[in-house]
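Presented below is the structure to which this report refers.
The values are calculated or read from the model by the stated rules, or taken from the named source; none is laboratory data. All values reported here derive from a predicted model rather than from experimental measurement. Here Cβ is always computed from backbone atoms with ideal geometry, including for glycine, and neighbour counts include all displayed protein chains. Side chains included, ligands, DNA and RNA excluded: accessible areas come from the protein's heavy atoms. Shrake-Rupley method; radii C 1.70, N 1.55, O 1.52, S 1.80 Å.
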Amino acid sequence: MKHVDVSTMSIPEIVDRILELEASAGNRKSMDLWRWERPLPVPHFHGVPRPGTLAFTVGIEMPMWAELLGFDLMAFYNIPEVYYEDTLKIKLYRYLYIKDDTPLTKDIVIWPGAGFEESIFGLEQVYTPDADPWVGKSTLLEKRSDLLTMEKPDFYESGYMPQLHSFYDSIGKMARQHGMNVVFPFWQKGPFGIALRLRGVTNLFMDMITAPSFVRDLMDFLSFSRQEWTKERANFLGTTIEKGDLINDDVDSTMISPEFYEQFILPYEKQLSSFHGGIRYWHSCANVSSFYGLICNIDNIGLLDVGPWSDVKQALQATQGIIPLEIRLHPKKVNIYTATDESIRNAVNYHIKCCKEFDGDFCMRVGGLSQFSGLAQSINSIKRFLAIARGSANTVGLNP
């Protein structure tokens, strides 16, 4: 295949190529690895695997994409036309040259970056030229009594929402002209992570011990706010309530005990699952091995994250193979930039063996990828990992 410099292509050229490839047999093969419930954003694809398959995805972080394709992150997150063009470039480059199992779709999912949910409560969302946005260091609930005057976010006016609606309108006009589809973002972050930002880590942990009723009131307020925002989203789009995600990087067994998870977090996650009709993806980058038995009390989880510091065997013992798993390989045990072929193969084979013992559905992912030792060498290392991992899958009869 002739190499195409995606970074220099015009929007019409990129769209034409995406539409051609989206309908191709190769892309249909990728699509068939996943169950489809809704569009997912470009940088962080977390699909639910189909039975009997093993899909591999890689998570390249936005700063690396920006360097690879020559765009500015400040402009990307603040100018709709830039966001649209560079999202198209990422989609096409990934399909042509990374070649993981992320399918190519017509969807442009608006992803405001980390800190979006906190911003609509009034916290600052910080933008920098060389990193994804994040949450400012200030807190809003200096005193517990501040919760009494806090109002639920306004779907149109709070925090980032006016800019988000502007993005949606502008990108929607461009996408419809090109036969593409724009997707309004979802509220993904779980209530505990937002509570930590609003109250402050030290304060909230002290509250759990000295003022548990306040913590429950705060979690109730955050769960209610998400439900009201989600209802407004559905009304705005003319759709029904969809399955929700719980992105829970602050749910961490090194910070909280299973007892505190069960008391202060699990009831509100169950509440949100009931509201959404299920949790499409439960995620935490932290070690949640000791929580898996409790997490399984949440009804209708579509995909359960087994992060790099969590134990796949404990996840499988808790789920008994019933809940599909996304296994994210440990970056120190499988450092794709420096690992030998054998160590990659051994790690992949170990997880395959564990999952096959429980006859569960699973996929594998390496995420958080950034440049390691030169851009070209980093990309080649990612491709090497995918080639070795797929070889292991084929050896045991998955994805023949």
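Determine if segment 154-165 includes at least one residue that is open to solvent by 60 Å² or more (accessible area, probe 1.4 Å), over 25 Å from Leu88 (Cβ atoms) and of a type outside the set (Phe, Trp, Tyr). Checked segment 154-165: at least one residue is open to solvent by 60 Å² or more (accessible area, probe 1.4 Å), over 25 Å from Leu88 (Cβ atoms) and of a type outside the set (Phe, Trp, Tyr). Cβ-Cβ contacts under 8 Å between residues 6 or more apart (or on different chains), taken from a first residue in segment 166-191 that is surrounded by fewer than 18 Cβ atoms within 10 Å (Cβ to Cβ) to a second residue that is part of a helix (DSSP H, G or I) and hydroxyl-bearing (Ser, Thr, Tyr), are listed as Ser170/Tyr84; Phe184/Tyr168.
For residues in segment 111-152 being β-branched (Val, Ile, Thr) and in contact with a Ser or Thr (Cβ under 9 Å, 6 or more places away or on another chain), which is nearest to Leu218 (Cα to Cα)? The qualifying residue nearest to Leu218 (Cα to Cα) is Ile120. Of the residues making up segment 116-133, those that are over 20 Å from Ile171 (Cβ atoms) and either in a loop (DSSP other than H, G, I, E, B) or open to solvent by 20 Å² or more (accessible area, probe 1.4 Å) (or both) number 9. Check Ser213, Ser223, Ser290, Ser274 and return the single one that is out of contact with any Lys or Arg (no Cβ under 9 Å at 6 or more places or on another chain) and under 27 Å from Leu329 (Cα atoms). After applying the criteria, what remains is Ser290.
Within segment 350-400, track down each residue that is among the charged types (D, E, K, R) and either free of Cβ contacts under 8 Å to residues at least 12 places away in the same chain or under 18 Å from Leu96 (Cα atoms) (or both). Of everything in segment 350-400, those that are among the charged types (D, E, K, R) and either free of Cβ contacts under 8 Å to residues at least 12 places away in the same chain or under 18 Å from Leu96 (Cα atoms) (or both) turn out to be Lys353, Lys383, Arg384, Arg390. Comparison of Leu272, Leu294 shows that the only residue that is in contact (Cβ under 8 Å) with a residue 12 or more places away in the chain, touching an Asp or Glu at 6+ places or on another chain (Cβ under 9 Å) and of a type in the set (A, V, I, L, M) is Leu294.
Pairing each residue of segment 119-141 that is within 21 Å of Asp72 (Cα to Cα) with any residue that is of a type in the set (Asp, Glu) and open to solvent by less than 60 Å² (accessible area, probe 1.4 Å), provided the two are 6+ apart or on different chains, yields C-beta distances under 8 Å for Gln125/Glu118; Asp132/Glu61; Val135/Glu118. Annotation note: of Ile108, Ile90, the sole residue that is under 27 Å from Thr53 (Cβ atoms) and not in a helix (DSSP H, G or I) is Ile108. In the set (1) touching a Leu at 6+ places or on another chain (Cβ under 7 Å); (2) surrounded by fewer than 19 Cβ atoms within 10 Å (Cβ to Cβ); (3) at pLDDT 95 or above, the condition left unmet by Tyr97 is number (1). Within segment 356-386, the set of residues being closer than 15 Å to Phe56 by Cβ and open to solvent by 20 Å² or more (accessible area, probe 1.4 Å) comprises Asp361, Gly367, Lys383, Arg384. The residue that is farthest from Leu246 (Cα to Cα), among those in segment 303-321 that are in contact with a strand residue (DSSP E or B) (Cβ under 7 Å, 6 or more places away or on another chain) and open to solvent by less than 10 Å² (accessible area, probe 1.4 Å), is Val312. I'd like the residue in segment 314-346 that is over 23 Å from the mean Cα position of the chain (by Cα) and not β-branched (Val, Ile, Thr) and, out of all such residues, is nearest to Ile279 (Cα to Cα). Ranking the candidates gives Gln320 first. Looking across segment 134-152, the residues that are closer than 30 Å to Glu61 by Cβ and either among the polar types (S, T, N, Q) or in a strand (DSSP E or B) (or both) come down to Trp134, Val135, Ser138, Thr139.
Does Lys353 satisfy being over 20 Å from His44 (Cβ atoms) and surrounded by fewer than 20 Cβ atoms within 10 Å (Cβ to Cβ)? Yes: the conditions hold for Lys353.
Matching residues to (1) over 30 Å from Tyr156 (Cβ atoms); (2) surrounded by 18 or more Cβ atoms within 10 Å (Cβ to Cβ); (3) at pLDDT below 95:
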site: Leu204; (1), (2), (3): no, yes, no
site: Thr230; (1), (2), (3): no, yes, no
site: Thr254; (1), (2), (3): yes, no, yes
site: Lys270; (1), (2), (3): no, no, no
site: Tyr281; (1), (2), (3): no, yes, no
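Taken over segment 322-344, the criterion of being of a type in the set (Ser, Thr, Tyr), without any contact (Cβ under 8 Å) to a residue 24 or more places away in the chain and either surrounded by 13 or more Cβ atoms within 10 Å (Cβ to Cβ) or closer than 18 Å to Trp34 by Cβ (or both) is satisfied by Ser343 alone.
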